[in-house]
Each structure stands twice: as C-alpha cells, then as structure tokens.
Amino acid sequence: MALLGAHLVSVACLARQSGAPDAIVVGITSGPSSFDPRFGLDDVAQKVQALIYDPLVTIDEHLRIAPGLAQRLDHPDPTTYVAVLRQGVLFHDGHELTSADVVHTFRTVSDPALASPKSGAYRVLSSVDALDRYHVRFVLSKPQTNFPYELVPLPVIPNGAGTDLNAHPVGTGPYRFARYAVDDHVELTAFAEHWRGAPKNVGLILKVVPDEVMRALEMRKGTMDIVVNDVSPDLFFQLVRDPSLQSATSAGVDYQYVGVNLTDSILSDVRVRQGLAHAIDRHAIVKYLRRDLAIPANGLLPPTSWAFESDASGFTHDPDKARSLLDEAGYPDPDDTGPRLRFTLSLKVSNLEFNRLQAAVIQEDFRRVGVGLDVRTYEFATLFADVLAGNFQLYTLQWTAGALADPDILRRVFHTRQTPPTGYNRGRYSNPRVDSLVERAAQSSDEAERRILYKDAQRELADDVPYISLWHKTNFVVAQASLSGLQLTPLADFSFLRHVARTSASARD
C-alpha cells in the first residue's frame, strides 16, 4: 500500500513539475504507437493524434460528414471531390495551411514506399492535386459515395513532412506536442491560435496507466482528472458515488454481437438463429453486467446514425418463442425441461473478464431453451485469427466507433463478396436482396435514397440474423468535480477536452 501511495504522489509531482502545472491529467491505457497520423491504428494513437492534428472533414453527432479544415467538400461528378480549405488556419510552426499540405498528406499515405497501414483506404484515389492555394481536387478511379468518410481518419500533416513526424509532430490541432516520456505520459500544450479558438485549459497530460483499478484509485486520490470509458461498469458505478467526482454519459456507437457461422449445418437455418436471438436476455446483460452503460441493440448501425432503421425486428427475450422456433427447425427438446439437450454449440470469446461473464449469461439462457453452449476463451489474437478463417460456430466481438460512423459498413460486413480477406463478412452470409440494396446505396449520391436503401437492408438483416445483436455502448466520463465542459461525442474521441476547464482548486494542487 505504501508503494501505491508513492506512485500516486509521483503522478501529482509530475503534474506540478510539467511545463503546464495546471494541465488536465487524462488517463490512457497505453502509450500511442505513433504520433504520425499516417501510422498508428490503435485507439490511443488515433485519440492523441486527433488532439495534435485536424482532418479535412469531421463527423457530427448524427454521424454525418461535417466541415473541418475544409469548409466545404464539393462533388461535381461521381468520381471527383473538391475540398475548399479554410483560409488563415495555422500549423503549430506558424505556417498557413494550404493545398500543398493536403496534397502531400494524401500522396505520401498512398506511396508504397511509406508502407502506411492506412493506404488501403485510398486505393480508389487516382490523383490528388492543388487547383490553387485553397482548393484540392481528389479524383477517384470509380464512384465511391462514402469517400468523404475515408478523409476523417487521416488528419493533414505539413508539406514535406517525412517519417521524422513521429518524433516531432506538427499539426493544426488544438494542442501542440511538448514531449513524450515513453510508456509514462504525453505532454501537450494549448495552441492559442487554433482556428476554432484557444482551448479552455493550458494543456493536457495523457498519463499511461494500463491497469483500470489503478486508474480508479488515481481518480479517487485526485492525481488524475479524467477517464473516458476506460474503467469497467462496476468501477464506474463505485466512482460515481464519490462526492469529489462527477460523471457524464452520452449515446455511444460501439456494438457488441454474437457472430454466426452461416455455413454450419445447424446455424444455417434462420429459425435456429431467430430462436437463439429470442433466448438471450439482452436487458439483463445491459442492466447487471453493463450497469446500464449500454442499450439493447437491434442491428449494427447505432440509433445515432442518420441511416438507422428503428423499425427493424428486435428479438425480445422470449424463451417460449425460442423453443417454438427450435421445434419448427427440427430440433425438439428430447425431455422438455429435463437435462437432455436439443444440440450443443461452441462459443469463442476473448479472455477478458467481462466477456467471460457475458458468455456465462448466454450459456444459461441457451440452457433454458434446451441448447448446450461450450464456451471457449482465447487470447484476442488467437480468437481473431479463428474468426477470420471461419473457424467457429459462434463468437463474440465488438465493432468500435470509427468503423460504424459510415453506414457503408453494412456492405463491408454483409455483402456476399465481402468475405475475408476482401471484407468483413466473417460468417459467410449471402442474401442477393441485401447485396443489391447495399450496392445501390454505395453508388448513390442522394442521401434520401441511400437512407431508404439502408433501412430496407437493416430490416432484411434483422430477419435473417447473421449477427445476434447484444448492445450498443453508452459512453461515459469520470472527472474531478473541479472541472467543467464535459460533453462526450458519439465516437468517444478526445475532441471535447479542449472545452474542459478547471473551475476550482483540485486535490493535486
């Protein structure tokens, strides 16, 4: 315990001794893998990069494309986009953002010599050219309606920046890079000349604390100011009881589901899939395991999406209906409520504690309708390799915010031709009507038409049950009561931190 106390005091000293002694201390789970936005696909890297850099376009609360560095994105023909840049935007080194910076960003990320892991998103990009100082033209090899969404994950870097950008990041974002103590903390200072206005705080210290219990202890001690999502629902429930802390929640996007192998002899029958969906008590999972930090899901797209279909079939917890459907599928219960089973399935999950608990709930729900479930836990890498190879009957995984912003994810997950490695159709689902709907939506530039097509696809998918939907995450933040400006986005990024201010003395001072 003395060692723990010494650790907490050292964090307090860090905050006081930094270049910004009143900086906001934010807990993160690991150090960022890269400060160069052309690299670093991990969650922490992308959150940190979004504080240092800005993208051409952003995503609003309804998951639509919104202006960023580009005040407008024109679409004069099916294969051309023209970004109209804001004037007067400054990089941290003082030079003004121009089309040359944008061209350099997208040309280098597409250069095979750089070997950027983000290059795949721009295979359809034939050319990017400066029309003048503030206009950039993107020409695609074929129409791709969701191309604006591909602009979001790649912020703009300075013209001429090479691989040294990882050590000396320079962007147009609300914070300047100060230093990185590897695997300990990242220091950022407020950029007063940011085009959206100066942040409300002097800077941020992003403190690496891998263990969630330690993050919770530091919040209680006052040596950490903010944690976003990175404690378990049980720890969140305990922290919100502390009068020195405050919390805020918002509708999230992350989606947890049970993946289904549709080539399996049992699971290929839609009545079996529907029966299993009715067997699971999603409300119990949300209430007791997630502590109400989620909402039951009816499909992949979150309710915040502009393309969400609220009338898609929802599989309420109905064990009697589940039994009836399984009977119809030719799997009668051999001894009604006795110990004998209709059949047994295997469910693969990662070895995180929450996933094991959730799997145990699903196992019991299935048992009550006469279905056995063999739960097998794996390290994530092993689980994911099996999922990609189609080596499963059932599995649980979670789609995260960035992937779900664009409704074209329906095509990439459920189209017949999108099986790995081409796409994400890991359960080998095939429905010609769904294929047609998502193809037409991907080709249309009319949002109203796309919405109709996506809604039709969601209704079809809800009936077919290629995924058994579980829940959409509710985002949450725990913060010291001395702070103001807590307003999370659906994507749970760190962009709100520029609005956070210290309104009174904190326990660290």
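The values are calculated or read from the model by the stated rules, or taken from the named source; none is laboratory data. Here the structure is a predicted model, which is why all the values come from computation and not from measurement. Ideal geometry is used to build each Cβ from the backbone, glycine not excepted, and the neighbour counts take in all protein chains shown. Each accessible area value is taken on the protein alone, full model and side chains, heavy atoms only, with ligands, DNA and RNA left out. Shrake-Rupley method; radii C 1.70, N 1.55, O 1.52, S 1.80 Å.
What to note about this one:
- Only listed residue being surrounded by 15 or more Cβ atoms within 10 Å (Cβ to Cβ), within 30 Å of Pro490 (Cα to Cα), under 22 Å from the mean Cα position of the chain (by Cα) and free of Cβ contacts under 8 Å to residues at least 60 places away in the same chain, chosen from Leu404, Leu383, Leu352: Leu383
- Evaluated against (1) under 19 Å from Ala462 (Cβ atoms); (2) open to solvent by 10 Å² or more (accessible area, probe 1.4 Å); (3) among the β-branched types (Val, Ile, Thr), Val272 falls short on exactly one condition, (2).
- Candidates in region 150-196 are the residues that are among the acidic types (Asp, Glu) and assigned to a loop (DSSP other than H, G, I, E, B); of these, the one that is least open to solvent (accessible area, probe 1.4 Å) is Asp184.
- Residues in region 108-133 that are open to solvent by 50 Å² or more (accessible area, probe 1.4 Å), assigned to a strand (DSSP E or B) and not hydrophobic (A, V, I, L, M, F, W, C): Ser126, Asp132.
- Restricting region 315-349 to residues that are among the small types (Gly, Ala, Ser) and in a helix (DSSP H, G or I), the residue that is nearest to the chain's Cα centre (by Cα): Ala322
- Subset tally (residues that are part of a helix (DSSP H, G or I), open to solvent by 10 Å² or more (accessible area, probe 1.4 Å) and touching a helix residue (DSSP H, G or I) at 6+ places or on another chain (Cβ under 9 Å)) for region 275-285: 2
- Within region 243-269, tally of residues that are open to solvent by 20 Å² or more (accessible area, probe 1.4 Å) and over 24 Å from Arg215 (Cα atoms): 7
- Residue list for region 35-53, filter: open to solvent by 10 Å² or more (accessible area, probe 1.4 Å) and touching a Gly at 6+ places or on another chain (Cβ under 8 Å): Val44, Gln46, Ala50
- The listed residue being in contact with a strand residue (DSSP E or B) (Cβ under 6 Å, 6 or more places away or on another chain) and among the aliphatic types (A, V, I, L, M), out of Ala322, Ala312, Ala359, Ala329: Ala359
- Ser504 being at pLDDT below 95, under 30 Å from Phe354 (Cβ atoms) and either open to solvent by 30 Å² or more (accessible area, probe 1.4 Å) or under 22 Å from the mean Cα position of the chain (by Cα) (or both): no
- Selection of region 134-149 for residues being among the polar types (S, T, N, Q) and open to solvent by 30 Å² or more (accessible area, probe 1.4 Å) yields Ser141, Gln144.
- Taking the criterion of being within 25 Å of the chain's Cα centre (by Cα) and either closer than 12 Å to Leu301 by Cβ or not aliphatic (A, V, I, L, M) (or both), the residues of region 446-463 that qualify are Glu447, Arg450, Arg451, Tyr454, Lys455, Asp456, Ala457, Gln458, Arg459, Glu460, Leu461, Ala462.
- Qualifying residue in region 88-107 (condition: under 25 Å from Arg176 (Cα atoms), open to solvent by less than 50 Å² (accessible area, probe 1.4 Å), outside any loop (DSSP other than H, G, I, E, B) and in contact with a Phe, Trp or Tyr (Cβ under 7 Å, 6 or more places away or on another chain)): yes
- Count of residues meeting criterion [at pLDDT 95 or above and either open to solvent by 70 Å² or more (accessible area, probe 1.4 Å) or within 18 Å of Pro148 (Cβ to Cβ) (or both)] in region 412-429: 1
- Scan region 459-479 for residues that are open to solvent by less than 10 Å² (accessible area, probe 1.4 Å) and under 15 Å from Asn229 (Cα atoms) and the total you get is 6.
- Where a residue in region 169-185 is touching a residue at least 60 places away in the same chain (Cβ under 8 Å) and its partner, wherever it lies, is assigned to a loop (DSSP other than H, G, I, E, B) and basic (Lys, Arg), with Cβ under 8 Å and at least six apart: Pro174/Arg196
Matching residues to (1) surrounded by 23 or more Cβ atoms within 10 Å (Cβ to Cβ); (2) in a loop (DSSP other than H, G, I, E, B); (3) among the aliphatic types (A, V, I, L, M):
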| site | (1), (2), (3) |
| --- | --- |
| Leu204 | yes, no, yes |
| Pro210 | no, yes, no |
| Leu217 | no, no, yes |
| Val231 | no, yes, yes |
| Gln238 | no, no, no |
| Arg241 | no, yes, no |
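- As for region 314-327, it holds at least one residue that is in contact (Cβ under 8 Å) with a residue 40 or more places away in the chain, open to solvent by less than 10 Å² (accessible area, probe 1.4 Å), among the small types (Gly, Ala, Ser) and in contact with a His (Cβ under 6 Å, 6 or more places away or on another chain).
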